[in-house]
Amino acid sequence: MDTLHPENDRLPSPPLISDRVLINGVITPLTLTADGELQWTESALRKSTTEKEILSFAVEGNKVKLKTLVERRGSICCGGSGGDYARKDFVFEPLYDESRKLWCDKLRQRLDSLVGRPKRLLVFVNPFGGKKTARKIFLEEVKPLFDDAHVQLDVQETKYQLHAKEMVRSIDLSKYDGIVCVSGDGVLVEVVNGLLERADWRTALKLPIGMVPAGSGNGMIKSLLDPVGLSCSAASATVSIIRGHRRSLDVATISQGTTKFFSVLMLAWGLVADIDIESEKFRWMGSARFDVYGLQRIICLRQYNGRILFVPAPGFESNGQPASYNVDKESSVSDKTLGYQGPDTNLEDLEWREIKGPFVSVWLHNVPWGAENTLAAPNAKFSDGFLDLIVMKDCPKLALLSLMTKLSDGTHVQSPYVSYLKVKAFVLEPGARIDEEDKEGIIDSDGEVLARGRRSYKCDEKALMSYGKLQITVDQGLATLFSPE
């Protein structure tokens, strides 16, 4: 273990217990502080923090074994699996029976005091997502960490599309402290939609949802881990769930008549939707499929007629032109319908703006990352009550190729060919391609097809909505996520 330098430490907290114990056969002073730090001295001061590193403990004979987790990039380093964290057992031996009992009491007291740590979780594993590695990731990287933390797991492999949604909609959730999705973003979307269709949706939405990256996109977990400097790895994601910190998440309601879909990631029409959906023929490539097919789509660039209307967030009122919008009365909330029906917002009283096509791409984002390598909306926030809108009306192909290479760091939004703003409400009126008016596009939300236009990719397959006007509204902080901070 590396040395921790005392000058970098905070002011010391009072000890809960301090005694001499055996560590590696040497009698050593060991202290558990009120802040949950274990401190001991060999050649210099070393410590392990209960809240971050100690998952659990067990008594083995005269010894106390701690299951610990440490950050590889931090000041404590030890062997273990890949990622930002490593697992290690820390063993010490109290010199007396009474001392051992007191140590166990204080460790249990400290661990039990950590608010939010889950004790039982419902886990969905999607064996079909991305490169089909979710089962392996769960067994080798996720489950051992939960076992170390003494978290009980009820594991369900999804067998078909919408399986997770069906289960969440009807299952007794009262025995769980959270739901975990070992998958790409698709199962997360199913879980949120299932929760929102429950009669007790207000209570159900307080149950935190955790993500472990095991699919093609992984945009949500990347958005959670990246701001705190953690890699988008199964270990980092699992540790975030074990620690039990939570944050709220905006939910967008996409409406067409009485049909609704609840989105937590994005909505796309035009170039981004075409790449996202049509690239599924290359799903075996994992996330590389988006780059490969994206190049093909730029070379054979499409533009679409249509119109978008939006209610800009404060500071973005100069975008577009003034417009009026008549709300579709069919989409209004009904008290007789079970489940969540969308935010109760009077849209007619809002200040609407419009942008008319043709468009290369229209992209709405709820969180910053659309995939592990796509920082689609760098200014997006989890619960600010707004969606980030990225619009591209026209762009030369060479400039577009350059712009697409900037998606990895978010600088594409600085392009003069891109309009980037925040909106509170949004309406999409999609049209046909400008070069072939008998061909229409695809509307994609959270990686799934919402609508397929005439002669579009797999246009004969049924979609949830028709290729026509859609209305999107946002409910601030409606859902709950496990979060690293």
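The values are calculated or read from the model by the stated rules, or taken from the named source; none is laboratory data. Fair warning: this is a prediction, and the values are worked out from it, not measured in the lab. Here the Cβ positions follow ideal geometry from the backbone for every residue, glycine too, while neighbour counts run over all protein chains shown. Protein only, heavy atoms only, side chains kept; ligands, DNA and RNA dropped before computing areas. Shrake-Rupley method; radii C 1.70, N 1.55, O 1.52, S 1.80 Å.
Each distinct pair of alpha carbons in the range 197-294 adds a 1/r term; the inverse of their mean, the Kirkwood radius, is 16.0 Å. Which angle from 0 to 90°, rounded to the nearest 10, does the C-alpha axis of helix 97-112 make with the longest principal axis of the chain? Around 10 degrees separate the two axes.
Exposure check, 1.4 Å probe, all protein chains in place: TRP201 carries approximately 40 Å² of accessible surface. Fully extending the segment from GLN476 to ILE434 would add 11.5 nm, taking 0.36 nm per residue of separation and subtracting the current Cα-Cα distance. Measuring between their Cα centroids, the range 12-42 and the range 107-143 lie 30 Å from each other. Scaling against 2.2 N^0.38 Å puts the C-alpha radius of gyration of the range 120-244 at 0.97.
The label-point distance for LYS462 and ASP97, in a model that sets each label 7 Å from Cα toward Cβ, rounds to 7.0 nm.
Measuring nothing but protein heavy atoms, the accessible surface of the chain at 1.4 Å probe radius is 49 percent carbon and sulfur.
Counting only protein chain heavy atoms and rolling a 1.4 Å probe, the accessible areas of THR133, THR203 rank, largest first, as THR203, THR133.
How many angstrom lie between the C-alpha centres of the range 391-419 and the range 231-257? Value for the Cα centre distance between the two parts: 28 Å. Just to confirm a number: summing +1 for Lys and Arg and -1 for Asp and Glu over residues other than PHE261 whose beta-carbon lies under 9 angstrom from that of PHE261, what do you get? Result for the neighbourhood of PHE261: -1. Across the chain, the mean sequence separation of Cα contacts (distance under 8 Å, 6 or more residues apart), normalised by length, yields a relative contact order of 15 percent.
Computed over the chain, the per-residue total of -39500 (n - 2.57) for DSSP H runs of n ≥ 4 gives a 222 nm mean residue ellipticity of -5500 deg cm²/dmol, rounded to 500.
Ordering ILE137, TRP363, TYR340 by the projection of their Cα atoms onto the charge dipole of the chain, which places +1 on the Cβ of Lys and Arg and -1 on the Cβ of Asp and Glu, puts ILE137 at the extreme positive end. As a rough guide to protection, the peptides 367-377, 432-442 ranked by mean Cβ packing within 10 Å, highest first, stand as 367-377, 432-442. Under a model in which nothing but the beta-carbon of Lys, Arg (+1) and Asp, Glu (-1) is charged, the range 372-485 shows a dipole of about 220 debye around its Cα centre. Computed from Cα positions, the angle between helix 234-243 and the longest principal axis of the chain comes to roughly 70 degrees.
Just so you know, the Rg over Rh for the range 445-485 is 1.17, from Cα atoms, with Rh as the Kirkwood radius. The residues of the chain expose, per residue, 44 Å² of accessible area to a 1.4 Å probe.
Given a 1.4 Å probe and the protein chains as shown, PHE261 ends up with an accessible area of around 30 Å².
When all alpha-carbon pairs of the range 76-190 are counted, what percent fall beyond 17 Å? Cα-Cα pairs of the range 76-190 separated by over 17 Å account for 66 percent.
Residue order by solvent-accessible surface for ARG297, ARG135 is ARG135, ARG297, largest first, with ligands and nucleic acids left out and a 1.4 Å probe. Protein-only accessible surface at a 1.4 angstrom probe places the residues GLU37, GLU60 in the order GLU60, GLU37, largest first.
Taking the Cα centre of the range 113-248 as origin and assigning +1 to Lys and Arg Cβ atoms and -1 to Asp and Glu Cβ atoms, the resulting dipole is close to 140 debye. Heavy-atom accessible surface of LYS165, to the nearest 10 Å², is about 40 Å², with a 1.4 Å probe and all protein chains retained.
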